[in-house]
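The values are calculated or read from the model by the stated rules, or taken from the named source; none is laboratory data. Since we're looking at a predicted model, the values are computed, not measured. Note that we place each Cβ from the backbone using ideal geometry, even for glycine, and neighbour counts take in every protein chain shown. With ligands, DNA and RNA removed, areas are computed over all heavy atoms of the protein, side chains included. Shrake-Rupley method; radii C 1.70, N 1.55, O 1.52, S 1.80 Å.
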Amino acid sequence: MIQTGLERFLKEHLIMLKGKNFGLMANHTSVTSSLKHSVDALQERGFTPARIFSPEHGFRGKVKAEREVGSSVDEGTGIPIESLFPFDESRFFEATVELDLLLFDMQDIGARFYTYIDLIAYGLRASKEHRIPFIVLDRPNPVGGIIAEGPLSRQGVAASFSPSGLPVRHGLTVGEIAMELNQTIGGRLEVITMKGWERAMHYKETGLPWVPPSPNANVMEMPRFYYGLALLDSINLSLGAGTDKPFQQFGAPWLDAGKFIRSLTARKADGVVLEAVTFVPSQGDYENERCEGIRFHPVSENWGAMALAGHIFEVLRDEHPSLVLWKNKDERYWSDFIYGTEGLRLSYIQGNSVIAQFRRDSLQSQAFLEFQSKKLYT
């Protein structure tokens, strides 16, 4: 079993907290390998955070996606919890002005648009503004650290909660993301690395228990689907949010699942078996409506979620051209927000190969990852 940054910090670095008024950026995933929360582990050793800062889904991870989370007081400890969702950096700066140090410990999922990692930039900017240390307790990338996919996101196009310059599947740990962002921010960063983690590891190989980072990341396999199939959220499909298999299936009331499976099977999408299903999502698109859909079952390691998503986009264009709608948010295309460039949407609309677009965009991202990955882990 690997040792996370939290466990190494508890064993080797607690001296850094001595006499410090410190804040903890954390949620329910901030636990030891025995599932003891970091707040409890710190208090047992005589250190209590002055404030806790929580992300989307709240400190306990129970709130549905995109729902506002209010600030509160932790019932068990009496520590004030400052919600950072919706995003409000000015309020965060105010709440950290009297702190001597900030800790960050949250489990990422491996996709650039997963909102927890943007809070790393918050911590770094507060560190620079207040001239205090920002310590990131590293955790594994659940989909491994040797493959990057999708484009390097472009500032002004990618979602505001998504750090610019990172690929869709970034292949980095939270500590490595902090190092990359800090090249331009210039905070007083220190990363407590993991012990025993290797870049090729998927989460199941770490030996750590899986604590779902959000309600729809309910199984250990979900991150391997998420970075690719979440791109389908660009259009009017349900991804099974609130079901037992979110992001491992998709559908809509208008979808012909049998016809779709025949077309997708003919494309020989490697490594997965397709199953026609019906489901009723409890949130997101088609909430509480019956959807015809397709569920994916991996049968080998020879598959990739972005390649699978590319096939799906192309089959949708062939089979249901008049029924596919591209979502808008704040008068901008949601596809551009999450993909990071206009490439996905334009390839689809212009009749070009979406899969080829993904491959081209991934070349620069893979070179980016190979450069970044030499800094903390080999």
Please report, in whole Å, how far the alpha carbons of region 233-275 spread along each principal axis, starting with the longest.
-> 29, 22, 18
Give me the Debye-computed log₁₀ of I(q)/I(0) at q = 0.13 Å⁻¹ for the chain, equal point scatterers on Cα only, no solvent, two decimals.
-> -1.05
Formal net charge of residues neighbouring Y286 (Cβ-Cβ distance under 14 Å; K, R +1; D, E -1) | -3
What net charge do the residues around Y333 carry, taking every other residue with its C-beta under 14 Å from that of Y333, with Lys and Arg at +1 and Asp and Glu at -1?
-> 0
Degrees between helix 174-185 axis and first principal axis of the chain (Cα, 0 to 90, nearest 10) | 80
Cα-Cα pairs in region 170-287 separated by more than 24 Å, as a whole percent of all pairs, come to 44
Let me have the 222 nm mean residue ellipticity of the chain computed from DSSP H runs of 4+ only, each contributing -39500 (n - 2.57), with the sum over all residues rounded to the nearest 500.
-> -8500 deg cm²/dmol
Quick one: pull the percent of accessible area on region 228-378 belonging to carbon and sulfur, 1.4 Å probe, ligands and nucleic acids left out.
-> 50
Mind ordering 368-377, 170-179 by average Cβ neighbours within 10 Å, highest first?
-> 170-179, 368-377
Net charge over other residues, Cβ less than 14 angstrom from the Cβ of T193 (K, R count +1; D, E count -1) = 0
Isotropically averaged projected area of region 69-215, using the convex hull of Cα atoms (one quarter of hull area), nm² | 9.7
Using per-residue counts of other Cβ atoms within 10 Å, averaged over each peptide, order 24-30, 189-195, 228-234 from highest down.
-> 24-30, 228-234, 189-195
So, relative contact order of the chain in percent, Cα under 8 Å, 6 or more apart, is 17
Cα-based Debye curve of region 220-335 sampled at q = 0.20 Å⁻¹ gives log₁₀ I(q)/I(0) of -1.12
Could you check how much of the accessible area of region 117-196 is carbon and sulfur, as a whole percent, using a 1.4 Å probe?
-> 45
If you count, for each residue, the other Cβ atoms within 10 Å and average over each peptide, how do 304-315, 9-20 line up from highest to lowest?
-> 304-315, 9-20
Using alpha-carbon coordinates alone, the radius of gyration and Dmax of region 1-158 in Å work out to 15.6, 45
Proximal lysine pairs in region 234-378, meaning Cα under 27 Å and 8 or more positions apart or interchain, come to 6
Kindly provide the pair-distance distribution of region 83-157 built from C-alpha pairs, with 10 Å bins from 0 and whole-percent values in order of increasing distance.
-> 16, 43, 32, 9, 0
per DSSP, antiparallel bridges as share of beta bridges in the chain, % nearest 5, sits at 55
